[in-house]
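Only one structure is covered here, and it is reproduced in the block below.
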Ligand code: ATR
């Protein structure tokens with residue numbers, strides 16, 4: 001790395017040790033010859049406000065935001081772009097000459113991850129598991145494109161609230177149920193795409209899955225947003241049921257690539273970013 005650093009970027013969350021974003025963005029900066037650096041910052045809930053005041057004071061040009069700050073961060077920003085405002089969660093902050101602007105690139109990330117596997121969500125019937133921050137981004141984005149979205153979540157009232165928020169905003173009827181074998185079978189009967197937007201199956205609890213081969217079938221495409229491990233138990237169960245599978249790496253790459261573009265105005269070197277991630281994931 002050159003000793004000159006023009007701009008600093010980073011990711012804030014708690015915990016932060018597992019984040020692969022520094023690898024991905026630093027590889028992109030290197031490829032484009034930009035004298036920039038991307039660092040992980042562990043920020044507790046209590047310190048979130050100070051971290052954003054510090055962002056301005058230190059002229060840190062961009063942050064990615066992960067759990068548990070995606071919603072809490074909003075009240076400390078100067079402006080939200082339309083998508084982040086609609087979703088009610090931010091995963092990217094741009095420090096635009098002292099104005100902190102919030103974006104959400106997760107939805108775009110999942111659409112591109114599907115499209116690069118020739119699975120355009122337009123007109124598809126989507127079953128989405130989860131109703132947290134990541135699921136909200138996926139649900140709002142796909143509700144605009146897909147034929148239908150059926151949300152299942154362990155805590156029913158969160159699924160119902162997300163469905164209602166989407167209906168109010170987009171005027172589209174969204175089904176919501178609590179997550180159980182019966183509701184999964186019902187939802188998957190006519191589904192084209194199943195997306196897991198929960199943390200179930202993530203390292204170290206890799207023996208967990210939201211669905212088994214018994215409820216899956218060969219007519220669906222299964223995407224897991226969990227990328228660590230790359231092949232989760234859900235994806236292995238889906239393969240056993242004859243379904244097409246898509247790992248969470250694509251979404252991670254594309255949400256990062258979009259954030260990179262917002263910050264730098266450069267076209268992101270997507271394949272360089274993907275290779276950096278894959279290298280790290282195969283090492284782990
Ligand atoms: P994120 O920002 O990563 O989406 P989150 O907002 O905490 O994180 O949301 C986590 C999601 O994973 C929720 O949908 C959660 O379900 P609840 O709303 O019932 O909490 C889901 N989740 C986490 N652990 C789960 C488990 N063991 N079984 C089923 N769902 C789980």
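Within segment 15-38, restricting attention to residues that are in contact with a helix residue (DSSP H, G or I) (Cβ under 7 Å, 6 or more places away or on another chain) and assigned to a loop (DSSP other than H, G, I, E, B), which residue is farthest from residue 265 (Cα to Cα)? In this case the residue turns out to be 20. For segment 185-205, filtered to residues that are closer than 20 Å to residue 132 by Cβ and surrounded by fewer than 16 Cβ atoms within 10 Å (Cβ to Cβ), the residue that is nearest to the ligand (Cβ to nearest atom) is 199. Restricting 107, 133, 171 to those that are more than 19 Å from residue 192 (Cβ to Cβ) and either near the ligand (Cβ under 10 Å from one of its atoms) or under 16 Å from the mean Cα position of the chain (by Cα) (or both) reduces the list to 133.
Set side by side, the residues 69, 157, 94 differ, and just one is modelled with pLDDT of 95 or more, outside the structural domain of residue 200 (by TED's automatic domain parsing) and within 11 Å of the ligand (Cβ to nearest atom), which is 69. Summed over segment 253-277, residues that are out of contact with any strand residue (DSSP E or B) (no Cβ under 7 Å at 6 or more places or on another chain) and part of a helix (DSSP H, G or I) total 17. Residue 11 - would you say it is buried (at least 18 other Cβ atoms within 10 Å of the Cβ), assigned to a strand (DSSP E or B) and not assigned by TED's automatic domain parsing to the domain that holds residue 139? The answer is yes for residue 11.
The set of residues from segment 140-154 being within 11 Å of the ligand (Cβ to nearest atom) and either touching a residue at least 60 places away in the same chain (Cβ under 8 Å) or surrounded by 24 or more Cβ atoms within 10 Å (Cβ to Cβ) (or both) comprises 151, 152, 153.
Residues in segment 120-138 that are in contact with a strand residue (DSSP E or B) (Cβ under 6 Å, 6 or more places away or on another chain) and surrounded by fewer than 24 Cβ atoms within 10 Å (Cβ to Cβ): 124, 125.
The values are calculated or read from the model by the stated rules, or taken from the named source; none is laboratory data. None of these values were measured; they are calculated from a predicted model. Every residue, glycine among them, receives a Cβ derived from its backbone with ideal geometry; neighbour counts consider all protein chains shown.
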